[in-house]
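First comes the structure, then the notes that go with it.
The values are calculated or read from the model by the stated rules, or taken from the named source; none is laboratory data. In this text, all values refer to a predicted model and were calculated from it rather than measured experimentally. When we count neighbours, we look across all protein chains shown, and the Cβ atoms used for this are built from the backbone with ideal geometry, even at glycine. Side chains are part of the model used for accessible areas, which takes the heavy atoms of the whole protein and leaves out ligands, DNA and RNA. Shrake-Rupley method; radii C 1.70, N 1.55, O 1.52, S 1.80 Å.
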Amino acid sequence: MVISAIATADGVGGVAIVRMSGEGSVEIARRMFSKKTEYEPNKMYVGEIDGGDFKDLGLLVCFRAPASFTGEDVAEFHCHGGREIARGILKRTLALGARLAERGEFTRRAFLNGKLSLSAAEGMAEMISAQSEAQIRAGYALYREKLAVEGQRLQALLKAALAGVEADIDYPEEDLSEDAMTESLGTMSEVEASLSMLLRQYRIGRKTKEGVNVVFAGRPNAGKSSLFNALLGYDRAIVSEIAGTTRDTLEGSITYRGVLFRLTDTAGLRSGADALEEEGVRRAEHALRGADVVIYLKEENDGIVLPDVPVITVGAKCDLGRRHGCDVEVSSLTGEGIEQLMELLYARGYGSGEEGFLMVERHYHAVERALSAVREGISAVAQRVPAELYAEDLRRAYLALGEITGETASDAVINEIFSRFCVGK
Ligand code: GDP
């Protein structure tokens, strides 16, 4: 069945693309295009496109199965980027036998035809929805199968270990021989180390995807709001600024060195205030507990006790006077120390080291389950439980890793992932 959709964003732009995929898509395209020829794959042709009640002068490019994004025959019209132009051309493809694509159906077909793994499709979605360069980079690594390849490498090791166990025993109740046990444990500890390393990547990966949560703390009048604004103003590319009431929390985002930082300015921390302020304090404390890093505008004897999260102590209003014993001194008025504060935010809030590609929660859980199965397997061998039970741990780890690429993912999971895509992707 040929599916068809507008592949470009809904709106007015330079160019819009109407894309079809499936056997017969090139034939539908030919009927709508003034230039009738054997279209060479991957080559653009200029001609008139039939939009039903109008024509547009545009381009047609065809791709032939399996060398296309979906792995099927694909035809794309590139027309002028008007909403009604693209819609007219889309309608025409539908009138000629195509059906409207569902959300993510092009990518789903690519997945089903083995053109990309499930994690690669998710990486592509991360890139499209990215709010920072770091998220694009990590999404791209996923899209280019970095995680899938690592998962498959570990799956191959597990498979070999499983084959070793099966070859070693004649009966499921038997123990492993000494040799087989040593060899198997060697493999398992390699898998365990690799999985642990992947899990560690998520510490940074989660922040790459969601942004680093930065929360301000300090007494009222310490200078929090001014610093909040100075940081937002520091970066021209403000993503959003959501204002609540003055006693609520204020949120805004900036990117620094390609990483998204979500700033939350809280109501001042103090007790014994009225009911409304109490609510503000309650929210401030809640925000503080969820912080990746706290910017604490420290004053002498302010009585503030912070939760156990990374903290940067800031001596504010340094244009008025120095405050010693802080990580950094800043002035929101003159801008002094702001750059230094950003560097500290990056180092303590985001972290140094490898910018991994484990940033999607689903992948994290799959790796976590694989790791716990591997650990159970290792202790099973040590306790000399029957080999069949050990083999079961190996299989569980293998299946958990298969969820990353989609090999062993359920239809429900696959449906859920593609339903989050847009039509035309
Ligand atoms: P908050 O209650 O902690 O949010 O504090 P504000 O940001 O509202 O600042 C309290 C007061 O300190 C205001 O009058 C600000 O103008 C002043 N202030 C804040 N930052 C600076 C600074 O860097 N230098 C100077 N001179 N005054 C500042």
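Data table
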| read-out | value |
| --- | --- |
| Selection count, the range 303-320, where residues are charged (D, E, K, R) and either farther than 19 Å from Gly223 by Cα or buried (at least 17 other Cβ atoms within 10 Å of the Cβ) (or both) | 2 |
| Residue in the range 74-87 that is within 29 Å of the chain's Cα centre (by Cα) and among the hydrophobic types (A, V, I, L, M, F, W, C) present | yes |
| Residues of the range 77-136 classified as farther than 24 Å from Leu60 by Cβ, of a type in the set (Lys, Arg) and open to solvent by 70 Å² or more (accessible area, probe 1.4 Å), total | 1 |
| Total residues in the range 333-349, condition hydroxyl-bearing (Ser, Thr, Tyr) and either in contact with a Cys (Cβ under 6 Å, 6 or more places away or on another chain) or surrounded by 17 or more Cβ atoms within 10 Å (Cβ to Cβ) (or both) | 1 |
| Subset tally (residues that are part of a helix (DSSP H, G or I) and surrounded by 20 or more Cβ atoms within 10 Å (Cβ to Cβ)) for the range 163-195 | 5 |
| Count of residues meeting criterion [within 16 Å of the ligand (Cβ to nearest atom) and either over 20 Å from Leu232 (Cα atoms) or at pLDDT 95 or above (or both)] in the range 174-220 | 2 |
| Pick from the range 303-330, criterion more than 9 Å from the ligand (Cβ to nearest atom) and of a type in the set (D, E, K, R), ranking: nearest to Leu232 (Cα to Cα) | Glu329 |
| Among the residues listed as Leu333, Leu341, the single one being within 16 Å of the ligand (Cβ to nearest atom), modelled with pLDDT of 95 or more and more than 30 Å from Thr408 (Cα to Cα) | Leu341 |
| Cβ pairs under 7 Å, 6+ apart, first in the range 35-49 and open to solvent by 80 Å² or more (accessible area, probe 1.4 Å), second assigned to a loop (DSSP other than H, G, I, E, B) | Glu48/Ser34 |
| Filter result for Glu388 (surrounded by fewer than 24 Cβ atoms within 10 Å (Cβ to Cβ), more than 17 Å from Arg203 (Cα to Cα) and charged (D, E, K, R)) | yes |
| The range 53-73, residues that are surrounded by 14 or more Cβ atoms within 10 Å (Cβ to Cβ) and in contact with a Lys or Arg (Cβ under 9 Å, 6 or more places away or on another chain) | Leu60, Val61, Cys62, Ser68, Phe69, Thr70, Gly71, Glu72, Asp73 |
| Hits in the range 350-376 - residues which are part of a helix (DSSP H, G or I), surrounded by 19 or more Cβ atoms within 10 Å (Cβ to Cβ) and modelled with pLDDT of 95 or more | His363, Ala366, Val367, Ala370, Leu371, Ala373, Val374 |
| Residue list for the range 391-407, filter: open to solvent by 60 Å² or more (accessible area, probe 1.4 Å) and within 25 Å of Arg144 (Cβ to Cβ) | Leu399, Glu407 |
| Residue match in the range 14-22 (condition: in a loop (DSSP other than H, G, I, E, B) and open to solvent by 20 Å² or more (accessible area, probe 1.4 Å)) | yes |
| Matching option when the condition is in contact with a strand residue (DSSP E or B) (Cβ under 6 Å, 6 or more places away or on another chain) and either surrounded by fewer than 22 Cβ atoms within 10 Å (Cβ to Cβ) or not charged (D, E, K, R) (or both), among Ser410, Ser419 | Ser419 |
| Pick from the range 196-224, criterion part of a helix (DSSP H, G or I) and among the small types (Gly, Ala, Ser), ranking: farthest from Lys298 (Cα to Cα) | Ser196 |
